[in-house]
């Protein structure tokens, strides 16, 4: 079973690489949807496992919520936000794509270098999974830095959250149900607020490039 | 029914204050009702608190636990306990709160319809509440929280009239200074914790080594000294106190700066225990400088409230001298003098609370009636505001240490404790003590001059402008609030042993030595006298003697002078008709001799400028005098400009306003933390 999760974690990591390599905003949302689907798959397998072995249904419910929220609802919300503000193909990233991907490779290596030394992880079966999922967190944060448009920041934040979720899931075989639910609701609220903010920014500055925001500085 | 215990009274009072604060917010729309309700609640709960603290001071000594709220956060327990020291300060706080709240019922009426009365009263009550917590907290974390809450709430009150730029500037200066001071306190608490593994204020400090104690002493003197307004860290005080509304200034100057005195006694004398003579010597030194320079600057001010604020610096100096003498005596093992000096300094803190609170209320009345705080624009107020004038005169006499009032008692005791400790064989401390006596004398004389100026220029003479001549007496409630304080000043001055009996419990508990019995004489009237090593004085007798002498003098004039004819007529004007108010002695003129004598301190400069016309016949001549503040110019301004340049640069380099930059900061921090985890 561990091998299956290893594979899934590698696939999730790969989807974040795909995200960094994406050029268009529409495809950010698509990639995020795919990544969330894989996470839901991992959670589903883990949920079935925990039902058969311990009789707990929690993880399966979490899987269901992921499907509803991250695979269906939030991408739809983002698509709507995006089509509401502007549609223009232009260079959205700070450095060019190959360099960004290379930096992300470096991040994975760095994460491996830092995480592998923690006691209790290097001996455990979930060594690779933890490293991959923490790398997803770092790549999500890096993605936020590398994109200019506000949608990029939202997606980066969501990927970062995905990374934290799978880190917790792989490390503990499912966190307490109430914590997971709390995090999902927080995330949903954050995305809604950020969606509204994108409208506001677009309204004020006629663009959603967030580097215009430095005019707000006092 | 079980009798109410002391802790129940205090719990009820805290609860009432909380209700009052919420009521003030809830009734925010209806100004008059809100003001009446919240001040009424303040008076009631202040009375409860007063009863409780007097019961504690008269009753058994020892710690009384008032309340305990635990939380899951480490170290954070809201634990309230009182001993006699806390009870004394609580009593003073409650008396002042009752009087100021009575006064506020009238005073706040000029905010009706113009400002948010509900918000003001909410801040006012929570400010009082935070001071109660400062005095009752029994662990350092809670003390720190209460202390910080007190600073922040008073900051909001200082900038309450925020449309004026100078108030905002005063508030900023205040909050910066008080935060730096709090940082020193925090470092001190952490050092204490690192040795004792406990934040308990009533615990033992045996585990702290000597060097650490010295460092903690310096930190606490800096931290508490700033809040007390001791020179040279007084800089915020003369700006913040005048900026606040007058009832808040009365609380700030009356009791808030005393929280620092409480802190010094609580942490240094009680918790750490005095070990070195130089601790006392340092406090005496700071006290001397504050007393003399404070009053010298006060004499130069033309703004009533600024003058009073500087006078607070002076009085803090006197309190610190007393405390320093106590520390020195305790370090050398002389507990009697230690206790006596501690009583003297806490008594002066109590007295200063009453008369300075009253004076700030008086300044508020003057401002309420005339709309100005500038002494140069006032004049002749005694005719239109006789009661206010009489009360301000009482407070002025008290602060100038004139006999039947309370200021005299504490200053006299301070002198006595110093004299009692000057003895042959210790030249170092003796010189310091003699200097302290000289400084006290000088400060006393200058303070008297200062209040002659305040009272004489603003209340006597002729009105200096048309508006001032038509002012009306302030509402009765305002005078009632001040009247209680004035009566207390007179009462404590005439029967000092009443209050000394209460304070003696503090010294008895902290030092373990009661000096009350040595302060009593054996005469019939002088049951309320004070007797110490051969020097005895009975203020009550003096008062009676004064009365009898006055009567005798009047009688003598009546008997020997024969009948005289009284004629009421204008002052003789040397044949120069039309004496007007511009010919009066001005406040600037009054303080000029002192300014010339102390020119090294004030650096006076004057400029005469002829405007218009020819050189020999100008249309107008302008004469400007200015004095500069050496602390601001040579200490604070250079430091400020350095910090400002640095922040400007940092703002352009670091705080760019770009979200990407901020994200990169977070990213780099996380990477560094991960790397740190790998290597360490």
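The values are calculated or read from the model by the stated rules, or taken from the named source; none is laboratory data. Being a predicted model, the structure only gives us computed values, none of them experimental. Counting neighbours? That spans all protein chains shown, and the Cβs are built from the backbone with ideal geometry, glycine included.
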**Message:** Just the residues that are in contact with a strand residue (DSSP E or B) (Cβ under 8 Å, 6 or more places away or on another chain) and within 11 Å of chain B (Cβ to nearest Cβ), please, taken from region A:134-149.
**Reply:** A:146, A:147, A:148
**Request:** Report, by residue number, each residue of region A:160-170 that is surrounded by 24 or more Cβ atoms within 10 Å (Cβ to Cβ) and either out of contact with any helix residue (DSSP H, G or I) (no Cβ under 8 Å at 6 or more places or on another chain) or within 13 Å of chain B (Cβ to nearest Cβ) (or both).
**Result:** A:163
**Request:** Look through A:177, A:157 and report the one residue that is surrounded by fewer than 20 Cβ atoms within 10 Å (Cβ to Cβ) and within 14 Å of chain B (Cβ to nearest Cβ).
**Result:** A:157
**Prompt:** Within region B:656-680, how many residues turn out to be more than 7 Å from chain A (Cβ to nearest Cβ) and part of a loop (DSSP other than H, G, I, E, B)?
**Reply:** 1
**Test: residue in region B:174-197 that is part of a helix (DSSP H, G or I) and within 26 Å of residue B:368 (Cβ to Cβ)** = yes
**Request:** Determine if region B:624-631 includes at least one residue that is within 14 Å of chain A (Cβ to nearest Cβ) and either under 46 Å from the mean Cα position of the chain (by Cα) or under 30 Å from residue A:149 (Cα atoms) (or both).
**Result:** no
**Meets criteria (touching a residue at least 24 places away in the same chain (Cβ under 8 Å) and either in contact with a helix residue (DSSP H, G or I) (Cβ under 6 Å, 6 or more places away or on another chain) or crowded, with 23+ Cβ neighbours inside 10 Å (or both)) for residue B:285** = no
**Fill in**
Selection over region B:636-673 where residues are farther than 14 Å from residue A:144 by Cβ and either surrounded by 13 or more Cβ atoms within 10 Å (Cβ to Cβ) or under 41 Å from the mean Cα position of the chain (by Cα) (or both) yields a count of 20
**Message:** Going through B:604, B:638 one at a time, which residue ends up being more than 14 Å from chain A (Cβ to nearest Cβ), closer than 30 Å to residue B:174 by Cα and touching a helix residue (DSSP H, G or I) at 6+ places or on another chain (Cβ under 6 Å)?
**Reply:** B:604
**Prompt:** For the subset of region A:176-218 comprising residues that are at pLDDT below 75 and part of a loop (DSSP other than H, G, I, E, B), which member is farthest from residue A:58 (Cα to Cα)?
**Reply:** A:218
**Hey, residue A:40 touching a helix residue (DSSP H, G or I) at 6+ places or on another chain (Cβ under 6 Å) and touching a residue at least 60 places away in the same chain (Cβ under 8 Å) or not** = no
**Request:** Working only within region B:570-621, note down all residues that are touching a strand residue (DSSP E or B) at 6+ places or on another chain (Cβ under 9 Å), surrounded by fewer than 10 Cβ atoms within 10 Å (Cβ to Cβ) and under 20 Å from residue B:454 (Cα atoms).
**Result:** none
**Asked** Checking residue B:113 against (1) more than 19 Å from residue B:10 (Cβ to Cβ); (2) surrounded by 15 or more Cβ atoms within 10 Å (Cβ to Cβ), which test does it fail?
**Response** (2)
**Message:** For residue A:116, only one of the following conditions fails: (1) within 14 Å of chain B (Cβ to nearest Cβ); (2) at pLDDT below 80; (3) closer than 23 Å to residue A:155 by Cα. What is its number?
**Reply:** (3)
**Request:** Could you run through region A:79-112 and say how many residues are within 14 Å of chain B (Cβ to nearest Cβ), at pLDDT below 85 and surrounded by 13 or more Cβ atoms within 10 Å (Cβ to Cβ)?
**Result:** 3
**Request:** Mind telling me which of the residues A:36, A:53 ends up being at pLDDT below 90 and either more than 14 Å from chain B (Cβ to nearest Cβ) or within 14 Å of the chain's Cα centre (by Cα) (or both)?
**Result:** A:53
